[in-house]
Amino acid sequence: MSHLFSPIDIGPLTLDNRILVAPMCQYSADDGCASDWHLIHLGHLALSGAGALLLEATAVESRGRITHADLGLYSDANEQALGRVLGAIRRFSPIPLGIQLAHAGRKASTARPWQGGGVIDPEQADGWRSISASARPFVDGNPVPHALTQDDIGTVKQAFADAARRAHRLGLDLIEIHAAHGYLLHQFLSPLSNAREDGYGGSLENRMRLVLEVFDAVRGAVPNGMAEGIRISASDWVEGGWDLAQSIELARALDARGCHYIHVSSGGLDPRQKIPAGPNYQVPFAEAIKAAVGMPVIAVGLITEPEQAEAILAEGKADAVALARGMLYDPRWPWHAAAKLGAQVHAPPQYLRCEPHGHKGLFTRS
């Protein structure tokens, strides 16, 4: 049997295969509310045959959005709008659905990528003052973020817990905490962005504190039957920043708390990063973390070919893989991977007649 198309347990959740659609921001919401674009986009990916579909980074409070058009789960209106989208998906697809709960921190208040992606001044339309671990902007010359007080930290933790409760009410199967790519929780982890002198700064133990407290807050907000994992950047790719050794310590602390999986990416915290991007360039991070923990480890980053993904799993470097841009380019990537690897994949009954003559038995009905 193909490793890629074997089932895997993510805590209480069983996936039919080890392909996940990674979270991908769409910048197409209205005050945090999912739109018809989300219905089209997510509905399309829900028919991909992947083992799970993770919704994009979803802000736990309005100031935690990257752009004014980010998806959110901080209001009743957000919950209702997302419920409409999820209800339509569930009519036609059995794919497990997860959500990535996020807070942009100092990388908030920007324009959408296709509008330049630049920082929007707090005094301008669609702009607001961002927050962070310390009063250090992402780029010199940007507006200085507000350094969170102890009360502010409590507000952020509560926002994650409240969003988790909304996610559970919506019937989502999985919550992924976003502690990667230079967003707020990553800003607390890295000494490049965290210059605090209280219990949330300085030592590694202190810099990890907020991530662990947010994990606990989310865990306490939902029943044990809901899977909870985390996404991290294993390295800042900047000397003196967050690195693999610290990531392993964080992973061990999360593993001891019962975290159900860790999704290993990298970068995003500092514009000085030098990333040697290429096929499998982040897989060594996943492999090193996998050797240190018992929970499943998900690898991501320029994994584009079925044979490549199969080898990562067969060689024990990760337990599952996630695809993002590759899935946008080829939303039926799991179908094509199953055909190449001699496996089976779910397909909706409306599409069964497109099964290739050379691959009879490829589809199972969903």
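The values are calculated or read from the model by the stated rules, or taken from the named source; none is laboratory data. These figures come from a predicted structure and were not determined experimentally. Every residue, glycine as well, gets a Cβ built from its backbone with ideal geometry; the counts of neighbours run over all protein chains shown.
Values for this structure:
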item: Residues being within 15 Å of the chain's Cα centre (by Cα) and acidic (D, E) - total across the stretch 20-76; result: 2
item: Qualifying positions in the stretch 205-243 - among the charged types (D, E, K, R), in contact with a His (Cβ under 9 Å, 6 or more places away or on another chain) and farther than 20 Å from L97 by Cα; result: D236
item: Count of the stretch 259-272 residues which are surrounded by fewer than 17 Cβ atoms within 10 Å (Cβ to Cβ) and either in contact with a helix residue (DSSP H, G or I) (Cβ under 7 Å, 6 or more places away or on another chain) or under 16 Å from A292 (Cβ atoms) (or both); result: 0
item: Check on A46, over 22 Å from A309 (Cα atoms) and among the small types (G, A, S); result: no
item: Contacts under 9 angstrom Cβ, first residue in the stretch 166-186 being without any contact (Cβ under 8 Å) to a residue 12 or more places away in the chain, partner of a type outside the set (A, V, I, L, M) and part of a strand (DSSP E or B), 6 or more apart; result: none
item: The stretch 103-124 - residue that is part of a helix (DSSP H, G or I) and charged (D, E, K, R) and, of those, surrounded by the most Cβ atoms within 10 Å (Cβ to Cβ); result: R106
item: Criterion violated by S265 - all others in (1) at pLDDT below 95; (2) at negative phi satisfied; result: (1)
item: Residues being aliphatic (A, V, I, L, M), touching a His at 6+ places or on another chain (Cβ under 6 Å) and either within 16 Å of S28 (Cα to Cα) or in a strand (DSSP E or B) (or both) - total across the stretch 44-102; result: 3
item: Residue in the stretch 349-356 that is of a type outside the set (G, A, S), modelled with pLDDT under 95 and either buried (at least 18 other Cβ atoms within 10 Å of the Cβ) or touching a Gly at 6+ places or on another chain (Cβ under 9 Å) (or both) present; result: yes
item: Any chance G294 is on the phi > 0 side of the Ramachandran plot and either under 23 Å from the mean Cα position of the chain (by Cα) or part of a loop (DSSP other than H, G, I, E, B) (or both); result: no
item: Candidates A299, A291, A320 - the one that is small (G, A, S), buried (at least 19 other Cβ atoms within 10 Å of the Cβ) and over 14 Å from A180 (Cβ atoms); result: A320
item: Cβ-Cβ under 6 Å pairs, at least 6 apart or on other chains, the stretch 307-335 side part of a helix (DSSP H, G or I), far side modelled with pLDDT of 95 or more and hydroxyl-bearing (S, T, Y); result: G326/T304; P334/S48
item: Criterion (over 19 Å from L15 (Cα atoms), modelled with pLDDT of 95 or more and in contact with a Lys or Arg (Cβ under 6 Å, 6 or more places away or on another chain)) met by exactly one of V218, V238; result: V238
item: Those helices (runs of 4 or more DSSP H) lying entirely in the stretch 139-242 with at least 3 residues over 17 Å from the mean Cα position of the chain (by Cα); result: 150-169, 204-221
item: Filtered residue count, the stretch 12-71, keeping only those that are polar (S, T, N, Q), without any contact (Cβ under 8 Å) to a residue 60 or more places away in the chain and surrounded by 24 or more Cβ atoms within 10 Å (Cβ to Cβ); result: 0
item: Selection count, the stretch 277-290, where residues are in a loop (DSSP other than H, G, I, E, B), modelled with pLDDT of 95 or more and not polar (S, T, N, Q); result: 3
item: Residue within the stretch 268-280 that is polar (S, T, N, Q) and either within 22 Å of G98 (Cβ to Cβ) or in contact (Cβ under 8 Å) with a residue 60 or more places away in the chain (or both) present; result: no
